[in-house]
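The values are calculated or read from the model by the stated rules, or taken from the named source; none is laboratory data. Here the structure is a predicted model, which means the values were calculated and not measured. FYI the Cβ positions are ideal-geometry reconstructions off the backbone, even for glycines, and counts take in every protein chain you see.
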Amino acid sequence: MEKTINGVRVNLVRGDITRYETDAIVNAANSSLLGGGGVDGAIHRAGGPAILEECRKIRNRQGGCETGDAVVTTAGRLPAKFVVHTVGPVYRDGRSGEEEQLKSCYVRSLEEAAAAGARKIAFPNISTGIYGYPKDKAAEAAWTAVQDWTAGRSSEDGETFLEEIAFVCYDEENERLYRRLLERKD
Ligand code: AR6
């Protein structure tokens, strides 16, 4: 399904993010930037070694990526131009700053993608796999962060750089949760 918020098209799709045609694909990475399982593994496998090569350079330069922050690399063989690697929080009890960190992942990814010149960006459901963030709470945080960021951009600049933000859900539950949020009148 599709919805326009603050002048930006928001697309909700179910599937494998590595196959999604966009400018920037967001990776749910870890602070080492050296790869892992889940969507991180899938992106490195599909994109090839050029991604890891750039990740190593960033690591040498700045020692990795902190939770809530984001860095940009090539997308290698993927259809996208860039991969934005962000590091979601590991969910503990919901009172350890997880929500702010997760929102920061979305905001920093949007900022980095914008700086790289992307007009379209696709997000996986950051932290909701191996990092154990409850899917309903994560979807709510993601949606709020994206709404707030697009609202801020459009009021400052008159128009946003972005054409499309896609939420690419791998599982049925996430797709259902995002659908409910997009259908909500707010
Ligand atoms: N396309 C879209 N979404 C996917 C794909 C895919 N190909 N594969 C999995 N997902 P996770 P995290 C969904 O575990 O929780 C890695 O080892 C998945 O169903 O990939 O942020 C990193 O290196 C889930 O909804 O990321 C870190 O160490 C969502 O992507 C750690 O996992 C996120 O699940 C990060 O954990």
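What to note about this one:
- Residue count for segment 83-131, restricted to those that are on the phi > 0 side of the Ramachandran plot and either surrounded by fewer than 15 Cβ atoms within 10 Å (Cβ to Cβ) or among the aliphatic types (A, V, I, L, M) (or both): 3.
- Given (1) crowded, with 18+ Cβ neighbours inside 10 Å; (2) touching a strand residue (DSSP E or B) at 6+ places or on another chain (Cβ under 7 Å), number of the condition I58 does not satisfy: (1)
This table checks each residue for (1) more than 19 Å from D23 (Cα to Cα); (2) within 15 Å of the ligand (Cβ to nearest atom).
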| position | (1), (2) |
| --- | --- |
| E111 | no, no |
| A115 | no, no |
| I121 | no, yes |
| N125 | no, yes |
| I130 | yes, yes |
| Y133 | yes, yes |
| D136 | yes, yes |
| A142 | yes, yes |
| W149 | no, no |
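- Residues that are without any contact (Cβ under 8 Å) to a residue 40 or more places away in the chain and touching a Ser or Thr at 6+ places or on another chain (Cβ under 7 Å) do occur in segment 35-44, at least one of them.
- Subset of segment 31-55 [surrounded by fewer than 20 Cβ atoms within 10 Å (Cβ to Cβ), outside any helix (DSSP H, G or I) and either at pLDDT below 95 or within 14 Å of the ligand (Cβ to nearest atom) (or both)]: S31, S32, L34, G35, G36, G37
- In segment 55-69, the residues that are touching a residue at least 12 places away in the same chain (Cβ under 8 Å) and closer than 19 Å to G88 by Cα form Cβ pairs under 9 Å with partners that are β-branched (V, I, T) and assigned to a loop (DSSP other than H, G, I, E, B), at six or more places apart or across chains, as follows: T67/V90.
- Considering segment 11-30, the residues that are of a type in the set (D, E, K, R) and within 14 Å of K120 (Cβ to Cβ) include one that is surrounded by the fewest Cβ atoms within 10 Å (Cβ to Cβ), namely E21.
- Every test in (1) surrounded by fewer than 16 Cβ atoms within 10 Å (Cβ to Cβ); (2) of a type in the set (V, I, T); (3) in contact with a helix residue (DSSP H, G or I) (Cβ under 9 Å, 6 or more places away or on another chain) is passed by V8 save one, and that test is (1).
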